[in-house]
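Down below is the structure, laid out as C-alpha cells.
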Amino acid sequence: MSKIEPLKYGRVYHIYNRGVNRMNIFRTEKNYEYFLKLYFERIGPIADTYSWVLMKNHFHVMVRIKTLKEIFDKLATTMEVDKLKRLNPSRQFANFFIAYSRAFNIQEKRKGGLMEKPFCRKEVDSLKYFKDLVIYIHRNPVHHGITTSPKDYPWSSYHNYFSVNPSPISKTEVLSWFDSTITFKQCHRKPQDLSDIEQYLVEDEE
C-alpha cells in the first residue's frame, strides 16, 4: 500500500470519499444540510473551498489548504498559539469525517465506520487540472446518470457561482480561471472527456 501523504499548507487538493461498501452516507435532506454546515465550520478556518458535490454514497471537494500564516491570522484571536501550532489539516479533515459519521450513526441507530479510510486526496498542480476538476465535480451527477445538467442537481456548488448572496466558496477566484460566467456555463454544458480527468483519480474511485 502506497504511503498517504499528509495535506500540505498552501496546496490545492481534490478530496473525496465514499461510504464503506459503497453504502449511502446521505439518506435524508437533513444529512446533506448537516454535512455542509459541519464542513464549513470545521474546514472553513483551514481551507478555501473551490467546488463541491454531495452524492448519495460519496462526495468530492476541491480545496486550497491555507498557509500557516493565513490560519494564524484567522484563528489567533480565538485559539491559543500552542493549539494553533498543533493544527494539522489532515487531522482536521479526519475529525470532521468522524463527527459527521457519529451523527449519522446516531440517526440510523448503527455502529461502525461510515466512510472508507484513509480519505482520498490528490494534489491539483496545473490550471488545466483546476478547470477540468471544477467541471468534473459539478458534472458528477450527470456522469452518474442522475441529471442531464449540473444546474438540475441541488447538492453541489454549481449554483453558488450565479447567486448574489454571500457564499462560503471562493467563486471569484474560480470564475477568473474561466474568464467569465458565460464561459463557465458553456464549459459545464459540454460532455466532458473523462480521459482528461481520470489520470488524476485514484483507481476505482466510485
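Nothing in this text is a laboratory measurement; each read-out follows from the coordinates by a stated rule. In this text, all values refer to a predicted model and were calculated from it rather than measured experimentally. Positions of Cβ are backbone-derived with ideal geometry, glycine not excepted, and every protein chain shown enters the neighbour counts.
Below is a table of values for the structure above.
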read-out: Estimated dipole of the range 12-198 in Debye, rounded to 20 [Cβ of Lys and Arg +1, of Asp and Glu -1, Cα centre]; value: 620
read-out: At most 15 other Cβ within 10 Å, DSSP loop - trypsin sites (Lys or Arg not before Pro), the range 25-70; value: R27
read-out: Under the span-like rule (Cα at least 24 Å along the axis, Kyte-Doolittle mean at least -1.0), DSSP H helices of the chain; value: 89-108
read-out: Burial order of peptide ranges 114-121, 181-188 (average beta-carbon count within 10 Å, highest first); value: 114-121, 181-188
read-out: Cα→Cβ-extended label distance, 7 Å offset, between L175 and N88, nm; value: 3.9
read-out: Counting DSSP beta bridges with both ends in the range 12-198, the antiparallel % (nearest 5); value: 95
read-out: The chain: proportion of alpha-carbon pairs further apart than 23 angstrom, %; value: 46
read-out: Label zone at A99 (point 7 Å along Cα-to-Cβ), backbone N below 15 Å, the range 31-73; value: 33-47
read-out: Gain on full stretching of the segment that runs from E108 to N165 - 0.36 nm per residue minus C-alpha separation; value: 17.1 nm
read-out: Estimated [θ] at 222 nm from DSSP helical runs (n ≥ 4, -39500 (n - 2.57)) normalised by residues in the chain, nearest 500; value: -11500 deg cm²/dmol
read-out: Binned Cα-Cα distance frequencies in the range 130-194 - 10 Å width, integer %; value: 21, 58, 20, 0
